[in-house]
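Beneath this line is the structure, given in structure tokens, with notes to follow.
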Amino acid sequence: MISNDFEEIAHICNRALVFNRGKVVGELKNQQVSFANLLELASASTGKPLWRNTMSNKTSVKSTALEQRVSLGQDGFGPWLMQIITRYGLLLLCIALVIVFSLTTPSFASMLTVQAILSSKAKIALLALAATIPMIVGKIDLNVGFGIVLWHILAITLQVEYGFSWQMAVLTVLVVSALYGLLNGILVALADIDSFVATLGSGTVLYAVALWHSGGRQIVGDLPDAFIALHHTEIAGIPIVAFYVLIVAVILWLITEHTPLGRCMYAVGGNPAAARLNGISVNRFTIGAFIASSVLTGFSAC
């Protein structure tokens, strides 16, 4: 078959010849036939890997778009086991710890423990998901830690001191956080500032604003019952915040793994130069990733 649909080729072909400017620039077989490799060869002027010639001293993360799938039958047990540990090591460790504590501490395996863990770690999980979005496009956003402080203070202050309804307070926080994410995206994508430096600097300013606004004191006041219920409601004995994490995680997974938007994000994170040559707006996806991360951080703070 002859096609320029890299995803289609990667799914149905076990051998592919890649043409660039009328010449064969590469041959891929079996597990080598991946979206990342096809994109790389089709975009390169010489057929050589682009990322070897586009290294910089900027802080970035390696996108999973460049990872090769390892087959137990073809590559052996060792490489397959290393890939499993790399991808699922933390999950397997958590499962092992649950088993150990359940066996050594009888009171650990209870619904009360599950509720306590889900309630205390839900916001951290949401922040982790927020930080994941820029990482997909090869950037780092440190503002998830700084941002949640100011956004939480802002959400409470708008209701306690300025008489906002909880709906308007939440909406205001989401809008302001989106604008802040836009600023970070512009600093990284258009001003070409390293993402680590840009978000560290802007995050420090954000944290200073939070301390200045609150005066370093706790904001005390009556909050609407509906706003409190956003965090303390339980469904079938499970805290509602756990469902927030589940919904956001599923949506993020569907977008990144099963939509053209997600494939473009992985392409930008894997090889920005190749993505740009294939018509993908690297700046737009980078800015969008920072906006989405900031909005999710604002949602976590409400």
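The values are calculated or read from the model by the stated rules, or taken from the named source; none is laboratory data. Keep in mind it's a predicted model, so treat the numbers as computed, not measured. Here the Cβ positions follow ideal geometry from the backbone for every residue, glycine too, while neighbour counts run over all protein chains shown.
Key figures for this structure:
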| quantity | calculated |
| --- | --- |
| Filter pass, ILE240 being crowded, with 16+ Cβ neighbours inside 10 Å, touching a strand residue (DSSP E or B) at 6+ places or on another chain (Cβ under 9 Å) and of a type in the set (A, V, I, L, M, F, W, C) | yes |
| One residue from VAL205, VAL245, VAL268, VAL197 being buried (at least 21 other Cβ atoms within 10 Å of the Cβ) and modelled with pLDDT of 90 or more | VAL268 |
| Boolean, SER34 is under 30 Å from PRO272 (Cα atoms) and modelled with pLDDT under 75 | no |
| Residue identified as at pLDDT below 90 and in the same structural domain as PHE285 (by TED's automatic domain parsing) among VAL170, VAL176, VAL149, VAL137 | VAL149 |
| Selection within the stretch 143-165 - within 15 Å of ILE219 (Cβ to Cβ) and in contact with a Pro (Cβ under 8 Å, 6 or more places away or on another chain) | GLN159 |
